[in-house]
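The structure appears right after this line, and notes come after that.
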Amino acid sequence: MARKKFIAGNWKMNTTADEAAALAKAVAEAVGKVTDVDVAVCPPYVNLPAVAEAIKGSNVKLGAQDLHWEEKGAFTGKISAAMLKSVGVTCVIIGHSEQRQYFGETDETVNKKTKAALAAGLLPIVCVGETLEERESGKMDAVIDRQTRGAFNGISAAEAAKCVVAYEPVWAIGTGKTATSQQANEAHIFIRNILTELFGKDTAGGIRIQYGGSMKPDNAKELLAQSDVDGGLIGGAALKAADFAGIVQPK
Ligand code: PEP
């Protein structure tokens, strides 16, 4: 099944409002007219309005880096799906390994956030991936299996079809170590097989699985050429418009 590639930039905790607007403008100038690849940028919450303004009229979509699963109420510091939608967000990263590692994200909260995003009509980008220790001790498959089934627990095939999965081996994030294209593709096929068990072949065949972990212009082409690598979730290289553009349209 043909799946449109999807490249999303995760800016993490980088950029002031002015820097975010300038970066977003540069991204829109570089890849704002691209139609054969979906492109999104995910700035920090406070910079969403500045970035929304900067990418207006381009094909670049606005994403967020997290959300809370409740609709509103006494949850100091948290941001709801409706709030994100109200400033033009269309997709949201959920379960990033940094959230899991530093901020107590669990498979259960990933699941709640995925349901909240879907209920609001946001496209969830659900992150899964093993640590180096898990890979080296042979637990990789079990970890990815648990994270994937956990994220999609209680979600229908029709809803799953509106999700994206990002396979992000933790040992490759921000380390300069990239999974080989073969390692990445094997993990993606493993995830797609789980999705096939859960939702059937047709639905699973349509779900895009991004790769994330030190993806750069010089390794993007080979990674993106793999049968089951349907795009990228980009950290460091998303902070330079030229590098990000070099991943969206690798040479
Ligand atoms: C990420 O954090 O989602 C990521 C893939 O980071 P980097 O590209 O810097 O490895």
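The values are calculated or read from the model by the stated rules, or taken from the named source; none is laboratory data. From a predicted model like this one, the values you see are computed outputs, not experimental measurements. Please note: Cβ atoms are built from the backbone with ideal geometry, for glycine as well, and neighbour counts cover all protein chains shown. Ligands, DNA and RNA are excluded from the accessible area calculation, which covers all protein heavy atoms including side chains. Shrake-Rupley method; radii C 1.70, N 1.55, O 1.52, S 1.80 Å.
Within this structure, LYS33 fails the test of being open to solvent by 70 Å² or more (accessible area, probe 1.4 Å), more than 25 Å from ILE209 (Cα to Cα) and of a type in the set (Lys, Arg).
One residue alone among VAL60, VAL87 is buried (at least 17 other Cβ atoms within 10 Å of the Cβ) and of a type outside the set (D, E, K, R), and that residue is VAL60. Taking the criterion of being touching a Gly at 6+ places or on another chain (Cβ under 8 Å) and open to solvent by 40 Å² or more (accessible area, probe 1.4 Å), no residue of the range 124-154 qualifies.
To keep it simple, each residue is scored yes or no on (1) among the hydrophobic types (A, V, I, L, M, F, W, C); (2) in contact with a helix residue (DSSP H, G or I) (Cβ under 7 Å, 6 or more places away or on another chain).
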{"residue": "ALA157", "(1), (2)": "yes, yes"}
{"residue": "LYS162", "(1), (2)": "no, yes"}
{"residue": "ALA172", "(1), (2)": "yes, no"}
{"residue": "THR180", "(1), (2)": "no, no"}
{"residue": "LEU195", "(1), (2)": "yes, yes"}
{"residue": "PHE199", "(1), (2)": "yes, yes"}
{"residue": "GLY213", "(1), (2)": "no, yes"}
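Listed by position, the helices (runs of 4 or more DSSP H) contained in the range 200-251 that have at least 1 residues being small (Gly, Ala, Ser), more than 24 Å from PHE152 (Cβ to Cβ) and open to solvent by less than 20 Å² (accessible area, probe 1.4 Å) are 217-224, 241-248.
Here LYS25 meets the list (1) assigned to a helix (DSSP H, G or I); (2) within 16 Å of the ligand (Cβ to nearest atom); (3) of a type in the set (Lys, Arg) almost entirely, failing just condition (2). Any residue in the range 162-181 that is surrounded by fewer than 21 Cβ atoms within 10 Å (Cβ to Cβ), more than 16 Å from the ligand (Cβ to nearest atom) and over 15 Å from the mean Cα position of the chain (by Cα)? Scanning the range 162-181 turns up no residue that is surrounded by fewer than 21 Cβ atoms within 10 Å (Cβ to Cβ), more than 16 Å from the ligand (Cβ to nearest atom) and over 15 Å from the mean Cα position of the chain (by Cα). Just one of the numbered conditions (1) assigned to a helix (DSSP H, G or I); (2) surrounded by 19 or more Cβ atoms within 10 Å (Cβ to Cβ); (3) within 16 Å of the ligand (Cβ to nearest atom) is not true of GLN101: (2).
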